[in-house]
1. Place a point 7 Å from the Cα of W36 along the Cα-to-Cβ direction; which residues of the stretch 136-150 have their backbone N under 17 Å from it?
2. Taking Rh as the Kirkwood radius, which is the inverse of the mean 1/r over Cα pairs, what is the Rg/Rh value for the stretch 67-185?
3. So how far apart, in nm, are the two label points at S143 and F82 if each is 7 Å from Cα heading toward Cβ?
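Readers should treat all values here as calculations from the given coordinates under stated rules, not as data from a laboratory. Because the structure is a prediction, the values reported are computed rather than measured. No Cβ is skipped: glycine too gets one built from the backbone with ideal geometry, and neighbour counts run over all protein chains shown.
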Amino acid sequence: MRQAISKLLVFFFFLPSIALAHTGIGQATGFTHGFWHPIGGVDHILAMVAVGLWATQSGGRTLWVFPCVFVGIMSLGAALKFTGIPAPLIEEWILISIFILGILIAGAFKISLLYSSLIIGLFAIVHGYAHGAEIPESISAVSYAVGFALATAMLHLAGIGLGMFMQKINLQTINRFAGAVIAMSGIYLAIS
């Protein structure tokens with residue numbers, strides 16, 4: 001176990017240069033680039049898998065509510081970018097979302113469906129706005145948005161699958177440990 005933790009920490013130590021999905025550079029076109037955008041950054045992967053892990057840990061309806069709320073509100077957040085409403089400190093809020101989601105998992109907090117959905121929705125707006133900022137005006141925003149929404153849902157499902165696997169083999173403690181690693185990763189990405 002200690003060796004696995006050491007390897008994970010080394011991985012995160014050498015990762016900062018490729019860690020953020022929302023770099024503002026590069027050419028993006030259509031569905032394919034929209035799909036690969038969330039998968040291309042550790043910040044987004046951590047947050048989306050964390051949503052799935054928290055959904056599994058919370059149980060019940062959260063298994064479908066969290067992903068649906070996140071993808072739906074994230075799409076609205078992407079559309080907000082086109083209204084001209086400024087959203088300062090987007091990257092910082094994304095890192096805060098990673099930290100808080102990690103803490104919620106590590107602490108195994110049980111929060112009502114309404115309040116947990118509000119937390120998920122708040123983070124979804126931020127992630128969506130960042131995705132909207134990455135959509136070039138020269139391409140179809142709709143196909144790009146469908147791509148990043150599908151990739152996000154798949155990352156949620158990966159988190160849910162991982163959480164269910166850990167429950168099945170009775171390793172819920174590892175789930176909480178994963179939450180702590182996610183929270184520490186958020187801190188690490190913020191200071192790197």
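1. So the set is 136, 139-140, 143-150.
2. Values: Rg = 15.5 Å, Rh = 15.3 Å.
Ratio value, two decimals: 1.01.
3. Taking the simple label geometry, S143 and F82 are separated by 1.5 nm.
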